[in-house]
Amino acid sequence: MDTFSLDIGTSTIKIAKIKKEGEQLSLVNLGMVKTPGVGLASEADKDLLTIAEAIKKLKAEAGITSIEVVSSLSEANVITRVIDLPAMTEEEVGQALKWELEEVVPIPLDESNYDWQIVKKTSSLLSVLVAVAPKNLVAKYLKIFEMAGLKPVALETEVLALVRALKFVGSGKVKLILDFGAKSVNSVACRDEEVILTRSLPLAGEAMTRSISTGFSLEQEVAEEYKKTYGLSGNELEGKIKDALQPVIKPVFEEMAKITEFIKEKRKEAIEMIILSGGGANLPGLSEEIARQTGVEVQIANPLAGIKCDENLIKAVKDKSSSFTVVLGLAMREF
């Protein structure tokens, strides 16, 4: 199937296409553009049309002619859980999940779309990854695709795309992927393609910028530049920017500690590697601070590793490749 992938984020829209040459994955092209207006936060058709027009323009600039698209649902708007069930047939899983989800999902199931897949199976236990999305959110994506002249092949969660894109990094190890977006930090503990645990924190890039803006009475644009330049570096500006970011970054470290404890208690294992992805992965001092506080190896995601790429394309996305982790994971879906 001739598909391409699309990631409609809060701050940017990303697009990618991959093909397979023998056993080698090869990147056809990828691109990124700023998300127009308020993005998916709007319900107005005129705003959704603006997003559709931006997608069409980005697609044309990338030279992608396919109309069949695989896209992701924003993790901030989706409930993703790993639910353990006693061993049963796949036919029985659907009914069992309905009862389980009514206990943990805050929105009525009749107002939601949900899907699931078994991520681990033993003689006595099933671990099932479940994603629940509001029907009105799914309808919004479908309307944008229609406006852009696209045919949706699949809508999946960012979690699955992240795990797929980074499955060969730290092969066999228990990993914690932290995806730093504009509005949320998505966490997924996994081993290869087995999802163990997922979490989402509604604090990320925009909250960091606001914290600096408020703390130093700066315009948002200036605060954004201070964040990108100094980040968590304690050696710059007497560590004042790092101090301003603490109220935002502290919950991330607390969440990491909870995930680490959960893995230790449930799996009798330890997090062996932490991978940072998303637009905020390159925040100065972030990887060093995480390594210092956890004592665990930290890497910045490079989803292009193992994919054949044009040298000019690699240079064009230098220092930004971690931003393309989700969209490349989506593009790898059919392979």
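The values are calculated or read from the model by the stated rules, or taken from the named source; none is laboratory data. Quick caveat, the model's predicted, so the values are computed rather than measured. Note that each Cβ is placed from the backbone with ideal geometry, even for glycine, and that neighbours are counted across all protein chains shown.
Is there a residue being charged (D, E, K, R) and under 21 Å from A44 (Cβ atoms) anywhere in segment 137-144? Yes, that holds for at least one residue. Residues of segment 270-280 that are surrounded by 14 or more Cβ atoms within 10 Å (Cβ to Cβ) and either at positive phi or modelled with pLDDT of 95 or more (or both): I271, E272, M273, I274, I275, L276, S277, G278. If you go through segment 194-231 and keep only what is surrounded by 19 or more Cβ atoms within 10 Å (Cβ to Cβ), assigned to a helix (DSSP H, G or I) and touching a helix residue (DSSP H, G or I) at 6+ places or on another chain (Cβ under 6 Å), you end up with A207, M208, T209, S211, I212, S213, A223, Y226, K227, Y230.
Checking the conditions here, which among L30, L40 is within 21 Å of the chain's Cα centre (by Cα) and in a helix (DSSP H, G or I)?
On the way: L30 fails: in a helix (DSSP H, G or I).
Criteria check complete, one pass: L40.
Taking the stated definitions as given, is L126 surrounded by fewer than 21 Cβ atoms within 10 Å (Cβ to Cβ) and under 26 Å from V93 (Cβ atoms)? So L126 passes the test.
Against the definition (out of contact with any strand residue (DSSP E or B) (no Cβ under 8 Å at 6 or more places or on another chain) and surrounded by 14 or more Cβ atoms within 10 Å (Cβ to Cβ)), how does T50 come out, yes or no? It would help to see each step written out before you state the result.
Details: out of contact with any strand residue (DSSP E or B) (no Cβ under 8 Å at 6 or more places or on another chain): yes; surrounded by 14 or more Cβ atoms within 10 Å (Cβ to Cβ): yes.
So T50 fits the description; yes.
Contact map, segment 294-311: residues that are within 15 Å of A281 (Cβ to Cβ) paired with residues that are of a type in the set (F, W, Y), Cβ distance under 7 Å, separation 6+ or inter-chain. Pairs shown: P303/F324. Contact annotation: residue pairs with Cβ atoms under 6 Å, 6 or more positions apart or on different chains, pairing a residue in segment 126-153 that is assigned to a helix (DSSP H, G or I) with a partner that is among the aliphatic types (A, V, I, L, M), are K143/L48; I144/L48; I144/I51; I144/A52; M147/L49; M147/A52.
Within segment 246-296, the set of residues being over 30 Å from T214 (Cα atoms) and either polar (S, T, N, Q) or part of a helix (DSSP H, G or I) (or both) comprises I259, T260, E261, F262, I263, K264, E265, K266, R267.
Which residues, counting only those in segment 69-99, are in a helix (DSSP H, G or I) and under 30 Å from A204 (Cα atoms)?
Let us first name the residues in segment 69-99 that are in a helix (DSSP H, G or I), namely 75-77, 90-99.
Passing the criteria: E75, A76, N77.
Looking across segment 72-124 at every residue that is among the hydroxyl-bearing types (S, T, Y) and more than 25 Å from the chain's Cα centre (by Cα), the one that is farthest from L178 (Cα to Cα) is identified as T89. Confirm whether D7 is in a strand (DSSP E or B), under 25 Å from R199 (Cα atoms), at pLDDT below 95 and not assigned by TED's automatic domain parsing to the domain that holds G279. Judged against the criteria, D7 is not a match.
State whether the residues of segment 52-65 include one that is out of contact with any Phe, Trp or Tyr (no Cβ under 8 Å at 6 or more places or on another chain), free of Cβ contacts under 8 Å to residues at least 40 places away in the same chain, at negative phi and not in a helix (DSSP H, G or I). Yes, that holds for at least one residue. Among residues of segment 103-117 that are among the acidic types (D, E), those with a beta-carbon under 7 Å from a residue that is at pLDDT 85 or above at least six positions away or on a different chain give the pairs E111/P134; E111/K135; D115/A131.
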